[in-house]
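**Student:** Got a structure for you, questions after.
Taken together, the values in this text are just the output of simple stated rules run on the coordinates, not laboratory data. Nothing here was measured: the structure is a model prediction, and the numbers come from that model. Glycine also receives a Cβ, built like all others from the backbone with ideal geometry; neighbour counts cover every protein chain displayed.
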């Protein structure tokens with residue numbers, strides 16, 4: 001787990017950090033037995049990660065929040081059936097991924113133009129905002145099955161067998177989807193970066209013209 | 001090596017900022033409201049019928065009788081202990097502040113069948129807190145009893161491990177450790193009361209169904 005939302009996870013060897021908190025397996029067992037405080041702790045611990053996965057699979061921020069909510073509800077309703085045969089995080093990411101894919105399917109039934117699904121109304125000119133929009137635009141151009149595999153590998157940090165388990169596809173398919181998804185994403189990010197530079201140049205040019213008009 | 005570097009670059013590009021606290025709390029609260037217990041307006045109230053209906057209630061009464069028997073045994077077997085009357089009224093002996101990871105049941109397994117027994121150790125025995133009408137009243141009773149007892153730890157060992165709820169370990173109640181144990185009647189329902197810190201640092205009292213060990217009510221203690 002490499003991103004900012006990382007949480008201590010004993011299963012990944014982060015023993016020092018995990019020692020300070022109750023581990024996932026114990027909390028999951030307690031939650032499965034009906035302990036609401038344990039479930040609440042788990043949800044609070046993983047809400048950011050669930051949201052991150054949904055955000056990158058769904059791409060649109062509002063839809064991602066809806067998918068996150070659906071995922072957390074699904075976890076609440078399904079925790080009693082979690083049998084501990086897989087890591088809690090693997091089960092959690094499967095739920096999150098399914099919620100995000102369900103949200104995509106719901107959205108596909110709504111006749112909405114692609115640009116309207118992205119957060120393009122944000123003002124340009126801010127570097128961070130432009131970079132975020134570039135990532136969203138690039139992700140939106142990557143086929144869903146490739147995008148999902150890349151998100152689970154490069155954002156959720158799952159290994160190939162875990163991704164195969166989450167997506168229910170063979171290992172070779174996972175490797176292929178990740179390779180092709182990364183390639184597509186890099187190409188799109190390059191394109192979006194070039195497009196962003198063009199937009200920035202146009203904004204500067206427009207500002208210079210407006211200022212000249214104003215001074216005249 | 002070059003591939004690994006590209007992976008990190010993609011990971012950095014894909015990183016998503018954390019949710020703001022309000023949004024996260026709202027999402028969690030909404031999800032928790034979908035909990036099977038939370039869905040029923042009377043679920044958290046004392047005397048509410050748990051899944052299992054009358055059978056559950058009957059098991060609860062049976063468990064209360066077992067607890068009574070344990071209490072009686074402690075009274076009989078600890079006549080030399082000046083605190084025995086109070087201590088023996090607690091349903092179980094003290095649990096250990098040991099690692100929850102090692103003491104709680106494996107996910108998906110029947111906790112009281114497959115899980116290792118919870119190690120008894122020092123904790124405050126609250127005894128029977130009597131009948132209380134609400135969770136807040138239960139919190140007040142616990143606070144008063146803790147102050148009266150000076151949070152004096154009880155002796156380790158004893159028949160307390162017979163209590164299934166304590167044997168499940170603190171994590172089963174959402175606690176990091178169990179610092180105090182007692183019983184009470186919440187409304188009309190007999191409950192086991194476990195007290196301890198949560199992973200978030202709150203000092204929480206948890207009222208459990210003696211039969212199923214399901215959480216009936218929680219109350220945050222002050223101080």
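**Student:** Order these by the 10 Å Cβ neighbour count, fewest first: B:128, A:154.
**Tutor:** B:128, A:154
**Student:** Which length gain, in nm to one decimal place, applies between residue A:86 and residue A:180 when the Cα-Cα distance is subtracted from 0.36 nm times their residue separation?
**Tutor:** Contour length minus the Cα-Cα distance gives 31.1 nm.
**Student:** Under a crude label model (7 Å from the Cα following the beta-carbon direction), how far is residue A:169 from residue A:214 in nanometres?
**Tutor:** Output for this residue pair reads 5.1 nm.
**Student:** I've got another one for you. Only counting other Cβ atoms within 10 Å, I'd like B:165, B:213 sorted with the fewest neighbours first.
**Tutor:** Lowest count first: B:213, B:165.
**Student:** Order of B:215, A:151, B:28 from fewest to most other C-beta atoms within 10 Å?
**Tutor:** Ranking B:215, A:151, B:28 by Cβ neighbours within 10 Å, fewest first, gives B:28, B:215, A:151.
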